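Take a look at the structure below.
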Amino acid sequence: MLSDLRFAFRQLAKSPGFAAVAILTLALGIGANTAVFSVVNAVLLRPLPFAEPQQLAMLWTDNPSLNLGFHEVPPTPFDLPAWRTQAHSFEQIAAISPNPADLSGDGAPERVGGVRVTPNFFPLLGVSPRLGRAFTVAEEQPGHDGVAIISDALWQRRFGGDAHILGKSIMVNRALRTVVGVMPPRFDFPRGTEMPTGYGLLAETHVWVPFAEDAAWWQERGNRNYLALARIKSGLTLAQAQAEMTAIAAQQAKEFPDSHGGWIVHLRTLVEQTTGRVRPVLLTLTGAVACVLLIACVNVANLLLCRAVGRRGEIAVRAALGASRGRVVRQLVTESLLLSACGGTLGTLLGAWGIELLVWLSPPGFPSLAGTTLDGRVLLVTAAVSLLTGLVFGLAPAWQVSKFNLTDALHTAGNRAVGGRNRLLAVLVASEVALAVALLIGAGLMAKSLRRLEAVDPGFDGHQVAAFDVSLADATYKGTGRRLQFYQGARTRLAALPGVQSASAISAAPLSGRENLQALNIEGRPAPKPGAGIATESRDTLPGYFATMGVTLLRGRDFDAQDTADKPRVCIINETAARTLFVGVDPIGQRVRLGADDSRNPWRTIIGVAHDVRGYALETKPRPQVYKPAERGAPEEMTFVVRAGFAAAGALEQSIRTDMKSLDPLLPAANYRTMERLVANAVARPRFSAFLFGFFAATALLLALIGLYGVVAYAVSQRTREIGIRLALGAQARDIRALVLRQGLAPALAGLAVGIFGAFVLTRFLTAQLYEISATDPATFVAVAALIVVVALAACLLPARRATKVDPMIALRAE
């Protein structure tokens with residue numbers, strides 16, 4: 001074996017150009033696979049850092065009759081104690097409520113991710129603090145909520161890893177809390193990137209505090225404002241737990257039709273919950289790089305086959321000296337394995353660089369790739385892929401070339417092409433063209449989908465507009481009157497800043513994913529049945545919001561200073577509400593009621609119709625929206641929007657933070673962003689997928705072009721004598737050119753046909769990632785087919801031109 005390896009090394013050293021091309025081709029395919037598999041390993045394959053994570057599940061509710069557009073709705077407070085009593089499939093059920101933490105006191109005020117949890121949250125996950133303890137049951141009771149557990153990252157960054165942090169008081173949302181625990185490194189569950197958008201979870205969680213609600217709160221059946229996490233008992237399956245929860249939900253719908261009528265419960269494993277949004281993207285990219293690797297293997301197989309045909313004389317001599325066919329195959333396969341080992345080594349280095357590139361390119365909202373590394377599993381898979389590719393691209397050519405006739409091989413005319421080998425080359429070319437076609441069609445569909453998504457009108461003019469969040473959830477601003485006073489004062493101060501044209505605020509900014517859905521009743525129409533009302537987005541605003549955000553008022557007027565709590569209630573609806581709810585009726589002057597149809601919710605007169613705004617996401621169609629002035633029910637949290645005049649919106653950040661600090665030094669202006677950047681981030685994930693898919697498709701096309709050119713050039717060199725005879729007998733240059741083009745285009749067109757058929761099947765898996773475009777879009781298929789024909793012609797023209805330059809006398813004399 002060592003002698004084979006030494007001989008293989010010498011043979012490759014004699015052909016450095018061939019070796020370099022083969023190694024680089026393999027390195028490109030293996031490197032791309034290594035980088036993408038590293039991400040797949042980190043995001044999809046690495047087990048969650050919890051005890052028996054396969055037994056963990058999220059409990060969601062849904063009401064199909066409401067047609068919400070999503071299916072992950074939190075349960076009501078009433079549900080948790082009821083489920084704990086009635087459901088026997090779970091060991092524990094814990095509640096998680098988003099609770100962003102405004103930290104102050106030690107250093108500048110800042111907002112970090114925070115949640116409220118029931119005391120069984122950490123035991124349910126099977127995770128204990130690295131320092132200190134978890135929460136006790138007593139700390140869940142009202143009046144015993146002055147404790148907190150912090151993350152290791154926050155402990156290190158803000159508190160310098162203080163060894164005496166336990167028992168120390170920190171200020172969270174303007175209230176002192178005693179630190180009773182520090183979680184292990186890299187524990188930051190739950191993360192906003194892994195949960196449905198709009199529930200107030202930030203990208204990472206750094207502060208956990210206990211629920212501190214009284215028994216009456218846990219009997220509420222109206223609000224849906226927390227997430228439910230359960231551990232299924234060992235020995236039971238998700239399907240068994242689902243069946244039990246389906247029965248419980250049906251019973252609750254009968255007992256409480258006003259709040260639970262039409263509502264169902266569905267379980268989702270925590271693994272699926274944390275990876276569900278990115279799994280299709282990563283699996284798609286995995287398929288794309290696998291195709292690139294296959295094409296790279298086919299190219300190297302072509303190179304080896306052509307090179308081995310040129311060595312038939314050498315192989316024949318070795319056979320004449322007693323070498324068996326198996327011995328010849330072993331030597332040739334050893335050379336291919338040496339190539340794959342070199343390609344795998346270089347590919348590993350390219351993969352490490354590719355990981356850094358993927359982390360840098362990963363869009364906001366994508367699960368963190370910071371921990372993606374070339375770990376043992378990735379290196380093992382890379383080694384296995386290298387070995388497998390060496391066998392795949394080396395064995396078939398070696399076996400084919402070893403089938404020789406000793407007499408013909410030793411004859412001077414032994415360099416004539418052999419039909420079987422040419423057919424094998426044609427099959428290899430057709431296969432790589434087919435793979436390239438499938439990738440190009442997928443990339444074309446994703447690019448077209450991205451262009452359509454980028455062309456979506458968000459409903460506002462984000463140019464020169466900045467936004468930031470303010471939370472007044474603490475006792476200092478208890479009562480809507482104090483909150484409204486602060487919001488109005490802050491708006492006045494912000495509008496007076498140099499460089500600011502106008503300022504306002506809204507309870508849920510566009511494209512934030514946050515929705516406050518309420519039933520809508522229209523005066524004069526029958527009230528809908530419980531659980532079957534019109535799901536309507538409700539938003540509170542301050543005066544001037546529509547002008548500041550550049551939202552067009554299509555009819556009517558904006559809110560003004562006269563729309564106060566002591567005046568008749570008013571509202572503005574969007575054009576979707578006007579078009580769908582007031583068919584043939586002028587909505588201006590009509591009255592609507594948000595929420596339950598009773599005296600607690602006042603009637604509101606519609607005074608305007610605003611242009612549709614994409615509230616949840618760009619790809620989500622606008623639903624009916626109702627804007628109302630924040631006159632009495634000023635929310636705990638609002639997003640301020642500021643339109644810059646002569647200054648850039650991003651340049652206003654420091655002056656805005658300074659101004660807000662002067663209003664309240666303990667209150668951070670959180671999540672400062674420009675609306676232009678927000679719109680760009682809304683398409684960041686599909687842009688990430690389209691870019692990578694397009695890059696891999698372009699790489700596949702280039703490799704297919706090189707492979708086709710190499711095969712046609714080789715075929716021309718093998719048919720030099722035949723071409724010379726044809727020219728000597730009077731064949732014209734155009735006849736020779738047509739001959740070569742037919743030989744090159746035939747496998748390319750066959751690959752095109754197979755690729756189109758395969759794309760019809762495979763692109764259906766892209767449907768969920770496409771926006772307003774069919775997975776079988778005819779224009780994309782036609783464009784890719786035309787591109788392949790042009791590329792195939794380009795690859796064949798140069799060898800065809802060389803064939804027409806063959807001198808008949810020199811060709812015949814060479815024989």
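The values are calculated or read from the model by the stated rules, or taken from the named source; none is laboratory data. For clarity, every value in this text was computed on a predicted model and none was experimentally measured. Ideal geometry is used to build each Cβ from the backbone, glycine not excepted, and the neighbour counts take in all protein chains shown. Please note that ligands, DNA and RNA were not included when accessible areas were found on the heavy atoms of the full protein model with its side chains. Shrake-Rupley method; radii C 1.70, N 1.55, O 1.52, S 1.80 Å.
Summary table
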item	result
Solvent-accessible area per residue for the chain (1.4 angstrom probe, square angstrom)	43
Antiparallel DSSP beta bridges within the stretch 559-680, as percent of all bridges there, nearest 5	45
Among 190-199, 608-617, the order from most to least packed when residues are scored by Cβ within 10 Å on average	608-617, 190-199
Heavy-atom accessible surface of the chain: percent carbon and sulfur, 1.4 Å	61
Three semi-axes of the equivalent ellipsoid, the stretch 502-617, Cα gyration tensor, whole Å, largest first	22, 17, 15
Global geometry of the stretch 668-718, whether rounded, prolate or oblate, following the gyration tensor of its Cα atoms and the 1.5 cut on a/c	prolate
The stretch 135-192: relative contact order as a whole-number percent, Cα under 8 Å and 6+ apart	39
For the stretch 172-292: rounded, prolate or oblate by the Cα gyration tensor [a/c cutoff 1.5]	oblate
Dipole magnitude of the chain about its Cα centre (Cβ charges: Lys, Arg +1; Asp, Glu -1), debye to nearest 20	3400
For the stretch 56-127: rounded, prolate or oblate by the Cα gyration tensor [a/c cutoff 1.5]	oblate
Using alpha carbons only: equivalent-ellipsoid semi-axes of the chain, gyration tensor based, whole Å	64, 32, 25
Proximal charge balance of Ala475 [Cβ under 11 Å; K/R count +1, D/E count -1]	+2
Separation of alpha-carbon centers, the stretch 215-268 and the stretch 630-682, rounded to whole Å	38
Lys/Arg +1, Asp/Glu -1 at C-beta; the chain dipole; positive extreme among Leu24, Thr286, Ser471	Leu24
Over the chain, relative contact order from alpha-carbon pairs under 8 Å, at least 6 apart, %	17
DSSP-assigned coil residues among trypsin sites (Lys or Arg not before Pro) in the stretch 555-587, each with at most 16 further Cβ atoms within 10 Å	Arg557
Note, ³J(HN,Hα) from phi for the stretch 576-584, Karplus 6.51, -1.76, 1.60, rounded to Hz, x at Gly and Pro	5, 5, 5, 6, 8, 9, 10, 5, x
In sequence order, calculated HN-Hα J values of the stretch 281-286 (Karplus, 6.51, -1.76, 1.60; Hz; x Gly/Pro)	4, 5, 5, 5, 5, 4
Cα centre as origin, Lys/Arg/Asp/Glu Cβ charges: the stretch 551-672 dipole, Debye	320
Positive-end residue of Met446, Val381, Tyr672, charge dipole of the chain with Cβ unit charges	Val381
Between the stretch 741-760 and the stretch 195-213, the Cα center-to-center distance that results, in Å	53
DSSP-defined beta bridges in the chain - what % are antiparallel, rounded to 5	80
Dipole-positive endmost among Tyr771, Ile723, Phe760 within the stretch 697-778 (Cβ charges, Cα centre)	Ile723
Sequence of Ser386, Ser655 when ordered by accessible area, the most exposed leading, probe 1.4 angstrom	Ser655, Ser386
Eligible lysines near Lys254 by straight Cα distance, threshold 20 Å, same-chain separation 8 or greater	Lys529
Dipole magnitude of the stretch 1-133, debye to nearest 20 (Cβ charges: Lys/Arg +1, Asp/Glu -1, about Cα centre)	720
Shape box of the stretch 205-275 [Cα atoms, principal axes, largest first, Å]	34, 34, 22
Phi-based couplings in Hz for the stretch 253-261 (Karplus 6.51, -1.76, 1.60; Gly and Pro marked x)	5, 6, 6, 10, x, 5, 10, 10, x
With DNA, RNA and ligands ignored, accessible area of Phe460 (1.4 Å probe; Å², nearest 10)	20
Amide H contacts of Thr552 (H built 1.01 Å from N, under 5 Å, at least 5 apart or other chain)	His611
